[in-house]
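Report on one structure; see the data block that follows.
The values are calculated or read from the model by the stated rules, or taken from the named source; none is laboratory data. Keep in mind that what you see is a predicted model, and the values were worked out from it rather than measured. In this analysis, Cβ positions are derived from the backbone assuming ideal geometry, glycine residues included, and neighbour counts consider all displayed protein chains.
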Amino acid sequence: MRNLMKADLRRVFRKHIYWIIPSLLSSIAVTLILQYSADFIPVLSILAMNKNAGIVSFSSTLETLQFALSLVIFLVLFTDDFKSMTMIGMIGYGMSRKKLVITKFIDSVVLSVIFYIIMLPLIFLLFAVFKEPLVGINAEFVLLTTFFAILKTIANITIAALVLYVTNNIPFGLFSVLILQIIPIGLTLMTQSPLVSKLHIDRYYMDGMFNLALTDFFFDLVPEGILMTLLCVFIYIGCVLAGTILYFDKKELDF
């Protein structure tokens with residue numbers, strides 16, 4: 001499994017799409033971030049009035065990067081293996097399907113973390129140069145929103161991988177990432193109805209749960225924030241990964 005992981009990462013790092021597109025979008029995201037003041041108190045005031053706020057000013061600038069990065073990592077990790085039948089070959093040579101799925105998941109985590117780690121120091125540097133240095137609650141805000149962006153990216157790829165394993169169709173996997181971005185908008189529109197708003201269905205979806213956790217952390221409700229984060233990770237990453245392993249282990253390899 002370790003050798004497969006190394007081979008996957010070496011192959012991905014050679015692909016220009018992994019570096020060029022996310023790097024360009026990272027630059028755009030940082031530019032957008034710099035449009036906001038270093039004073040995030042108004043954002044926190046909005047959160048205080050509405051703890052279920054779907055997108056706050058700073059984190060909204062990461063949405064495009066998060067979406068694009070999910071697509072890019074999904075493409076570079078899975079396209080070659082499915083098109084060239086490499087996956088069938090590895091299984092034929094004796095690699096367990098469970099190890100294969102877990103390896104791809106770990107690869108997606110590593111690739112997601114790498115890009116956000118590259119972008120994060122850049123944000124702090126540019127704020128220090130062009131605005132005010134990010135310290136205290138401002139730095140905490142940036143770190144937390146980036147942390148949750150990493151988790152959302154990993155969740156997107158994990159769900160898209162499940163769709164791919166089920167359908168054997170790469171476009172369906174890509175389309176599922178798009179759907180994951182559209183769902184919060186639909187839930188927001190649905191909650192405009194007084195009847196639906198009482199159900200608070202938005203707080204059970206991935207974005208709503210992560211945003212609630214973020215709010216808990218900012219209001220010093222650390223145990224609640226940790227619990228909500230773990231619950232969301234368990235449902236949208238852990239359960240999806242477990243479902244993928246169980247399904248793929250019994251699947252007829254006809255792709």
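Numerical summary
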| item | result |
| --- | --- |
| Residue match in the stretch 61-79 (condition: over 29 Å from Asp207 (Cα atoms) and either in contact with an Asp or Glu (Cβ under 7 Å, 6 or more places away or on another chain) or at pLDDT below 85 (or both)) | no |
| Any hit, the stretch 223-236, residues being surrounded by fewer than 20 Cβ atoms within 10 Å (Cβ to Cβ), in contact (Cβ under 8 Å) with a residue 24 or more places away in the chain and more than 16 Å from the chain's Cα centre (by Cα) | no |
| Residue in the stretch 138-145 that is under 29 Å from Ile237 (Cα atoms), within 13 Å of the chain's Cα centre (by Cα) and at pLDDT below 90 present | yes |
| Test: residue in the stretch 193-213 that is more than 30 Å from Leu100 (Cα to Cα), at pLDDT 70 or above and in contact with a Phe, Trp or Tyr (Cβ under 9 Å, 6 or more places away or on another chain) | yes |
| Given (1) in a helix (DSSP H, G or I); (2) touching a residue at least 12 places away in the same chain (Cβ under 8 Å), index of the condition Leu134 fails | (1) |
| Counted residues, the stretch 143-182 - those being touching a residue at least 24 places away in the same chain (Cβ under 8 Å) and more than 24 Å from Ile245 (Cα to Cα) | 6 |
